[in-house]
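What follows is one structure encoded as structure tokens, with my remarks underneath.
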Amino acid sequence: MFESLSEKLQRVFKDLRGQGKLTPENMEIALKEIRVALLEADVNFKVVKQFITSVKEKAMGQEVLSALSPAQQVIKIVRDELTEILGSKQAKLQFSSNPPTVVMIVGLQGSGKTTSTGKLARWLTKNGRAPQLVSVDVYRPAAREQLKVLAKQLGAAIYEGEPGMEKPLALATAARKEAISRGRDVLLVDTAGRLHIDEALMTELQELKAALNPTEILFVADAMTGQDAVKSATEFHERLGITGVILTKLDGDARGGAALSIKHVTGQSVKFLGVGEKTDALEEFHPDRMAQRILGMGDVLSLIEKVEETIDQKKAMEMQDKILHNEFTLEDFRDQLIQVRKLGPLENLLKMIPGMGDQLKGVKVDEKELNRIVAMINSMTPKERANHMLINGSRRRRIASGSGTSVQEVNQLLKQYGQARKMMRSLTSGMGGGMTGKMAKRMAQMSRMSGGKFPF
């Protein structure tokens, strides 16, 4: 997401830095290029107009033009304005003081409502809540069955309704009663959608709102549809009064226009981002962090949070101790790869590290390579995993045969393992402020040596 916009903005800032001194003339050229970049990213034209006007007013001031590092001040102004457009501050999910908190999930058909309902249930459970799900989509074939399957995967409570209960309002009110009786503190209501907004859908949703008095009405918007998603969110808000937005399919949206437009146009903040198909692929939306990602500054806070949620801290400390004492084995290498894979797509993780984007540009991230590496290490004996020096030619042939790979791939694994040992040793020894740049260069070198793949 935002790849094209991020690259163009960074190019503009690079040109500004090269000017040495800012003038009204070169600032005008830069603003024109920023305007074009935003429009090409499918950002709403009204949003672009206000953004450029605001940046121009602040950037053309004498204190900026005469500053020692004016280009850096312009970048800060652009970052602040991006943060403002994205919503300024994080908009958190609100909870009722009289549970259960009712959350209506609304949106057009195909936007990802049901999947988002399941993801939100998982997020709530992880954050100490006890959600109950109910689908009131009685029109789409297997809609209720889809939510039932999701609930089973998550181990979440779901109200399926009594036999013959086919009215959305009856399902929703009965689900709330059951949530109260079972001590569930959040009720997630997966509503019906249509391919297009129509009167029957809005009437039904308005009736549900009147009966349930929901604390949150979250509109699910497909980021891939760009400004159509913004238009639909606006119409839903005018008729229903949405309280926030879940943007889905961001992992497939390279432009990001919907994310940059929706808060300004509707007045309602994005609260969650759907960044993949798995049930844990739901992130809270932080405007300031997203602005930094767009400008290529990384997002270290989100990366740290993701690592803390996923990685066992005790094991991490034990691993660091092993690395420092040169005791990092192939078994440790395998375990580290498995842990990293739990964090999500590697490309997304790399983008969170400042400086990584430029250093690893053009490097291919091969997720399947991880599976091959794990299979090869699993095909080794415990002694081989503990001491890679034992692995001679005949052992390499056996490992290749046992893992369905080639001897060349086993050789490549052992080379990568040796490089990883060196890199991790130098990183844990401390490399000061230049760590990310050096780390990126080393990873890029390792990738090129492995044929353009980046398995870890």
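On the basis of being within 24 Å of residue 177 (Cα to Cα) and crowded, with 22+ Cβ neighbours inside 10 Å, does residue 189 make the cut?
Criteria met by residue 189.
Applying the selection to the stretch 82-131, what residues are part of a helix (DSSP H, G or I) and aliphatic (A, V, I, L, M)?
If the condition is that a residue be part of a helix (DSSP H, G or I) and aliphatic (A, V, I, L, M), then 82, 85, 86, 120, 121, 124 are the ones that fit.
May I ask you to list the residues in the stretch 384-406 that are among the hydrophobic types (A, V, I, L, M, F, W, C) and touching a residue at least 12 places away in the same chain (Cβ under 8 Å)?
Those that are among the hydrophobic types (A, V, I, L, M, F, W, C) and touching a residue at least 12 places away in the same chain (Cβ under 8 Å): 386, 391, 399, 400.
Is there any pair with a first residue in the stretch 1-22 that is more than 19 Å from residue 61 (Cα to Cα) and a second that is of a type in the set (Lys, Arg) and part of a helix (DSSP H, G or I) whose Cβ atoms are under 7 Å apart and which are 6 or more apart or on different chains, and what are they?
From residues that are more than 19 Å from residue 61 (Cα to Cα), the pairs are 2/293.
Given (1) in contact with a Gly (Cβ under 6 Å, 6 or more places away or on another chain); (2) charged (D, E, K, R); (3) buried (at least 21 other Cβ atoms within 10 Å of the Cβ), identify the lone condition not met by residue 249.
The one condition residue 249 does not meet is (1).
Just to be sure I understand, how many residues within the stretch 212-231 are in contact with a His (Cβ under 9 Å, 6 or more places away or on another chain) and of a type in the set (Ser, Thr, Tyr)?
0
Of the numbered conditions (1) at pLDDT below 90; (2) touching a helix residue (DSSP H, G or I) at 6+ places or on another chain (Cβ under 8 Å); (3) more than 27 Å from residue 258 (Cα to Cα), residue 89 fails exactly one; give the number of that condition.
Of the numbered conditions (1) at pLDDT below 90; (2) touching a helix residue (DSSP H, G or I) at 6+ places or on another chain (Cβ under 8 Å); (3) more than 27 Å from residue 258 (Cα to Cα), the odd one out for residue 89 is (3).
Taking interchain pairs and intrachain pairs at least six residues apart, which have beta carbon atoms under 7 angstrom, with the first residue in the stretch 318-329 and within 15 Å of residue 422 (Cβ to Cβ) and modelled with pLDDT under 70 and the second part of a helix (DSSP H, G or I) and among the hydrophobic types (A, V, I, L, M, F, W, C)?
323/424
Scanning the stretch 116-131 for residues that are touching a strand residue (DSSP E or B) at 6+ places or on another chain (Cβ under 6 Å) and among the basic types (Lys, Arg), which turns out surrounded by the fewest Cβ atoms within 10 Å (Cβ to Cβ)?
129
Considering only the stretch 177-193, how many residues are part of a loop (DSSP other than H, G, I, E, B), more than 13 Å from residue 102 (Cα to Cα) and not basic (Lys, Arg)?
Of the residues in that region, 3 qualify.
For residue 140, which of the numbered conditions (1) assigned to a helix (DSSP H, G or I); (2) at pLDDT below 90; (3) among the basic types (Lys, Arg) fails to hold?
Against the list (1) assigned to a helix (DSSP H, G or I); (2) at pLDDT below 90; (3) among the basic types (Lys, Arg), residue 140 comes up short only on (1).
Need the failing condition index for residue 134 against (1) aliphatic (A, V, I, L, M); (2) surrounded by 18 or more Cβ atoms within 10 Å (Cβ to Cβ); (3) under 24 Å from residue 258 (Cβ atoms), just the number.
(3)
Okay, residues lined up against (1) of a type in the set (A, V, I, L, M, F, W, C); (2) buried (at least 16 other Cβ atoms within 10 Å of the Cβ):
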| residue | (1), (2) |
| --- | --- |
| 162 | no, no |
| 202 | yes, yes |
| 205 | yes, yes |
| 227 | no, yes |
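Please verify whether the stretch 20-28 includes one or more residues that are part of a helix (DSSP H, G or I) and surrounded by 14 or more Cβ atoms within 10 Å (Cβ to Cβ).
Yes: one or more hits.
The values are calculated or read from the model by the stated rules, or taken from the named source; none is laboratory data. Quick caveat: nothing in here was measured; it's all calculated off a predicted structure. Reconstructed Cβ throughout: ideal geometry from the backbone, glycine too, with neighbour counts over all protein chains shown.
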